[in-house]
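Read the structure below first, then the notes.
The values are calculated or read from the model by the stated rules, or taken from the named source; none is laboratory data. For clarity, every value in this text was computed on a predicted model and none was experimentally measured. Cβ coordinates were reconstructed from backbone atoms using ideal geometry, including for glycine residues, and neighbour counts include every protein chain displayed.
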């Protein structure tokens, strides 16, 4: 019975990371903008959810007060996280702009 | 979002304690209700004391699946608490009070009053309030922890 050599296995099949294509700067920018827009979407959704809960409470629908408060807190935390990320991005941009030429 | 897991757990506990409070209010309000249900003999029966039964909330399908295929999942922490049912107290007997003038008095002049003990309801009320407060404290601690983590690197 013939035993096949292990070497015949394509190395790219076992480690796909080796054959991964190089990320160009334009790809990175696109990725970053996608992540940013996704995050902003999420923040927006939290805000809308909070608004909806508050409206329900004001209209006298069957919604608990603590759920309204928790929704608003969640919206506030996501917004502050986004602000923090934005501050970091702006900081990095300014750092680069201050580079002496 | 997984950063809000703890907040969702707290939220379920607050909802459960609110419901407990509602049930206690109902018990307190009906402390003198002699006509709640009609029994099989066609006679009025007084209100029965109600209490809530709570149980841990089962994790979702994805959690079980992740555990089964050995992926990282939050299988060790629960999803909060839920009220499984509101049970009527069948064990405590009704209070018998002598009041022949009462419309629901029996032939001997005794009236069956609900098996609600105001003292016990007050204790339950305090317990529900304190549990609610404790969960609000957990929520605030959780929020301040998240806020602290936003200060990393400032």
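Among (1) more than 14 Å from chain A (Cβ to nearest Cβ); (2) assigned to a loop (DSSP other than H, G, I, E, B); (3) closer than 30 Å to residue A:76 by Cα, where does residue B:152 come up short?
(1)
Condition (residue is closer than 25 Å to residue B:22 by Cβ, assigned to a helix (DSSP H, G or I), away from chain B (no Cβ under 11 Å) and in contact (Cβ under 8 Å) with a residue 24 or more places away in the chain) applied to segment A:50-62: is it met by at least one residue?
yes
Got a sec? Which of B:122, B:145 is assigned to a helix (DSSP H, G or I) and over 30 Å from residue B:35 (Cα atoms)?
Result: B:145 is the single residue among B:122, B:145 that is assigned to a helix (DSSP H, G or I) and over 30 Å from residue B:35 (Cα atoms).
Of B:67, B:37, B:15, which residue is under 28 Å from residue B:149 (Cα atoms) and either surrounded by 16 or more Cβ atoms within 10 Å (Cβ to Cβ) or modelled with pLDDT under 90 (or both)?
The conditions single out B:15.
In segment B:122-133, is there at least one residue being surrounded by fewer than 14 Cβ atoms within 10 Å (Cβ to Cβ), more than 14 Å from chain A (Cβ to nearest Cβ) and in contact with a helix residue (DSSP H, G or I) (Cβ under 9 Å, 6 or more places away or on another chain)?
yes
Would you please name the residue that is farthest from the other protein chains (Cβ to nearest Cβ), looking only at residues in segment B:19-37 that are closer than 14 Å to residue B:83 by Cβ and touching a helix residue (DSSP H, G or I) at 6+ places or on another chain (Cβ under 7 Å)?
B:24
Listed residues B:46, B:118, B:103; which is surrounded by 12 or more Cβ atoms within 10 Å (Cβ to Cβ) and more than 14 Å from chain A (Cβ to nearest Cβ)?
Just one listed residue meets the conditions, B:46.
Which one is surrounded by the fewest Cβ atoms within 10 Å (Cβ to Cβ) among residues in segment A:72-86 that are more than 9 Å from every other protein chain (Cβ to nearest Cβ) and over 15 Å from residue B:149 (Cα atoms)?
Looking at the filtered set, the residue picked out is A:86.
In the list B:109, B:80, which residue meets the criterion of being at positive phi and more than 26 Å from the chain's Cα centre (by Cα)?
B:109
Only one residue in B:5, B:9 is out of contact with any strand residue (DSSP E or B) (no Cβ under 7 Å at 6 or more places or on another chain), closer than 30 Å to residue A:72 by Cβ and surrounded by fewer than 16 Cβ atoms within 10 Å (Cβ to Cβ). Which one?
After ruling out the rest, the residue left standing is B:5.
So which of B:11, B:6 is within 14 Å of chain A (Cβ to nearest Cβ), touching a helix residue (DSSP H, G or I) at 6+ places or on another chain (Cβ under 6 Å), assigned to a helix (DSSP H, G or I) and farther than 22 Å from residue A:62 by Cα?
Sole residue among the options that is within 14 Å of chain A (Cβ to nearest Cβ), touching a helix residue (DSSP H, G or I) at 6+ places or on another chain (Cβ under 6 Å), assigned to a helix (DSSP H, G or I) and farther than 22 Å from residue A:62 by Cα: B:6.
Within segment A:29-43, which residues are within 18 Å of residue A:86 (Cβ to Cβ) and away from chain B (no Cβ under 14 Å)?
Listed by number, the residues that qualify are A:29, A:31, A:32, A:33, A:34, A:35, A:36, A:37, A:40.
For segment A:6-28, indicate whether the set of residues that are at pLDDT below 60, surrounded by fewer than 10 Cβ atoms within 10 Å (Cβ to Cβ), over 30 Å from the mean Cα position of the chain (by Cα) and outside any helix (DSSP H, G or I) is non-empty.
yes
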